[in-house]
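Presented below is the structure to which this report refers.
The values are calculated or read from the model by the stated rules, or taken from the named source; none is laboratory data. Everything quoted here is computed from the prediction, not taken from an experiment. All Cβ positions, glycine included, derive from the backbone under ideal geometry; neighbour counts span all protein chains shown. We work out accessible area using only protein heavy atoms, side chains counted, and drop any ligands, DNA or RNA first. Shrake-Rupley method; radii C 1.70, N 1.55, O 1.52, S 1.80 Å.
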Amino acid sequence: MSAEGGDEAVTFDRFLQEAALLEGLVWRKYRRRSARHRVELRMKKLGLDGFDAYLDLLRSDPEETSGLADLMRVTVSRFFREREQWSTLADKVIPALLAAKRNEKALRAWSAGCCGGEEPYTLAMVWLESIAPFHPGSAIEIIASDIDEASLERAGAARYYSSSLREVPPDARARFFVREKGLWSLAGEVKGLVRLERRNVMSDPLPFGMDLVLCRYLAFTYYRGERLLAATLRLWQALRPGGVLMVGKKERLAGPSSAFFEPWPGCDGFYRRKEVQSN
């Protein structure tokens, strides 16, 4: 199945450009070997010969088109990615959220698009090391969701290559990981704080009443237009009044998305939920 040769063949880049327009995606972000591999597997399953044939199907089949973003999903993450953000979370954001809750129920957090579990487990480690010892009686409930079953299986196994741990502080690595047969196994006390679920952030029922939502390098990197606006609204709906959205340090909420959130001054990648009317 080759779509690279000849002037009439559709290259993968051309396929991405045209397919992205159908589903509100930033096409350049999907120029990955893994994304191409999954697209080619899908074409083989459908009996299609070339990207041009798959484009024709996408244009005529809304159901196939709606699954395109999930088909080309990005499943790369690591623990403590952009470590300074996690320090900000521990030093400023979570203490402020706990102070606002006073004696209410546990802090509730949702990691949307959790890949192999690295980010929700990082949140659990931050809680155990930097929050729980200084806030006796406090508790946290962490929901971690992804559309990809393989990613959830990896998160459930909680065994990682060294590359996933390169930003983990030495003290946290010593406390929460054990080296076993070439992989790093995560401690049960961390895993026990996280509930894994299969969930499509764009279409499945939301977890409501969240104090904190993590959506890093997903919607605000890979989506655009109406799809981005719809994702922003759903994240806003999942948060309680006064809740906080954590995105990647390099991500920015602009345009219509900024109507739902306001930046937390001095805290790159953190946004407070605005009180606005939604339909």
Checking the cross-link filter: which lysines have an alpha carbon closer than 24 Å to that of Lys249, excluding same-chain neighbours under 8 positions apart? Lys29, Lys92, Lys274
Would you mind telling me the antiparallel percentage of the DSSP bridges in the chain, rounded to 5? 40
Highest mean first, what order results for 132-141, 64-73, 241-250 on Cβ atoms within 10 Å? 241-250, 64-73, 132-141
Förster-model FRET efficiency, 35 Å R0, Leu183 and Ser87, C-beta, rounded to 0.05: 0.85
Expressed as a whole percentage, what fraction of the accessible surface of the stretch 104-179 belongs to carbon and sulfur atoms when a 1.4 Å probe is rolled over the protein heavy atoms? 52
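Ignoring any ligand, DNA or RNA, what whole percent of the accessible area of the stretch 1-97 comes from carbon and sulfur when the probe is 1.4 angstrom?
For the stretch 1-97, the apolar C and S fraction of the accessible surface comes to 45 percent.
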Using DSSP to define loop residues, name the GluC sites (Glu not before Pro) in the stretch 103-138 whose beta-carbon has at most 13 other beta-carbon atoms within 10 Å. Glu104
Comparing Arg224, Arg78, Arg33 in a Gaussian network model of the chain (Cα, 10 Å), the one with the largest mean-square fluctuation is Arg33
With every protein chain present, what is the per residue accessible area of the chain (1.4 Å probe, Å²)? 49
